[in-house]
Amino acid sequence: MTYHFDFDLVLRSLPVLFRGLLVTIQLWVPSIACGLAVGLLLALCRLSKSAVLRVPSLFYIEIFRDTPVLIQLIWFFYAFPIVIGVQLSPFVAALLGLGLNTSAYSAEIFRGGIESIARGQWEGAKALGMRPAAVLRRIILPQVFKRLLPAFTNRAIEVAKMSSLASVLSVHELMYQGRLLNSTYYRPLEILTTVAFIYFALIYPGSYLSARLERRLAGAE
C-alpha cells in the first residue's frame, strides 16, 4: 500500500502547533529558572553542617528524584489542591511539578560541583578576609557553572522534553495540540512527525551552542 503524505495538512496545522510551542516555552523557561535558583539553595542546605537544614533538603531531593514526573504532575493538579484548599489551573500545576522536579536534580548537580572544588580555595579566600557568601559568589560558583555546563544543558533538554507530559493535564502545549490535531484528522505520521521536528528545532540550537561554549571554555584553561 502506497502512503500519500499530506503536506497541505502539515501547513494548515502549523499555526496551531506554534501556539502549543509558545505554551511549551512558557513552561520550559520558568521551570529551568526556578529549578536552578531553588536547586542552589537546596544544595547549600544539603551541604550544611546543621541537620535542621540538611535532613529536610535531603528528603525533598530524594522524593522528587525517586518518583515519576508524571505522578508528580498529576499529584499537584488533583491532590495538592486538597491540601491547600485552592484549585490550581493545569498550567500552574504543571509548572509547579516541573520546577520542583528540576530543582531536586539541579541541587545534586550543584552539590557535586561545589564538592569538586578544592578545599584550599575556600581556605585561601577566607584567609584573605572574604566572607563565605562572597567566596561562593565570586570564586566557587563561576567554576561550578563552567565545569557543569554539560550537566545543566542536559537538564534543560530533559525539562523541555518532560514538558510534553503536561498534555495529560490538558495544558495546551505542543504535544497536546499535536494529539488534538491527530484525533481530528487521523494523520499521525504527518502531525506527530511535525511535532517531533518542532521539538528538535527548539532543543538543538541550545545544545549546539552549549557544546561550542564548552569547547571554548575548555580551550581557555
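The values are calculated or read from the model by the stated rules, or taken from the named source; none is laboratory data. Owing to the predicted nature of the structure, the values given are computational and were not obtained by experimental measurement. Reconstructed Cβ throughout: ideal geometry from the backbone, glycine too, with neighbour counts over all protein chains shown. Calculation scope for accessible area: heavy atoms of the full protein, side chains included, ligands and nucleic acids excluded. Shrake-Rupley method; radii C 1.70, N 1.55, O 1.52, S 1.80 Å.
General observations
- Highest mean packing comes first when the peptides 24-35, 192-203 are listed by Cβ atoms within 10 Å, giving 24-35, 192-203.
- Heavy-atom surface of the chain, accessible at 1.4 Å and reported per residue (Å²): 57 Å²
- Axial C-alpha extent at least 30 Å, average Kyte-Doolittle at least -1.0 - helices from the chain (DSSP): 7-46, 90-116, 188-220
- Solvent-accessible surface of protein heavy atoms, probed at 1.4 angstrom with all chains present, puts Arg65, Arg155, Arg179 in the order Arg179, Arg65, Arg155, largest first.
- Computed from label points 7 Å out along Cα-Cβ, the spacing between Leu70 and Leu141 is 3.7 nm.
- Inverting the pair-averaged 1/r between distinct Cα atoms of the stretch 1-58 gives 15.3 Å as its Kirkwood hydrodynamic radius.
- Most positive-pole-ward Cα, Ile84, Ile74, His172, against dipole of the chain from beta carbon charges: Ile84
- Averaging Cα coordinates gives a centre for the stretch 4-28 and one for the stretch 158-221; these two points are 11 Å apart.
- Of the GluC sites (Glu not before Pro) in the stretch 51-118, not one is in a loop by DSSP (not H, G, I, E or B) with at most 14 other beta carbons within 10 Å.
- Gyration tensor verdict on the stretch 81-221 (Cα atoms; rounded if a/c is under 1.5, prolate if a/b is larger than b/c, oblate otherwise): oblate
- Per-residue ellipticity at 222 nm, computed for the chain from helices alone with -39500 (n - 2.57) per DSSP H run of at least four residues, works out to -26500 deg cm²/dmol.
- Each 5 Å bin from zero up to the one holding the largest Cα-Cα distance in the stretch 11-138 carries the following percent of pairs: 2, 10, 14, 16, 16, 13, 9, 7, 5, 4, 2, 1, 0, 0.
- When the chain is treated as a GNM with alpha-carbon contacts under 10 Å, the residue of Val69, Val16, Val159 showing the greatest mean-square fluctuation is Val16.
- Here each label is just a point 7 Å from Cα along the line to Cβ, and for Thr2 and Ala33 those points are 5.2 nm apart.
- Relative contact order (%) - criterion: Cα under 8 Å, at least six apart; region: the chain: 30 percent
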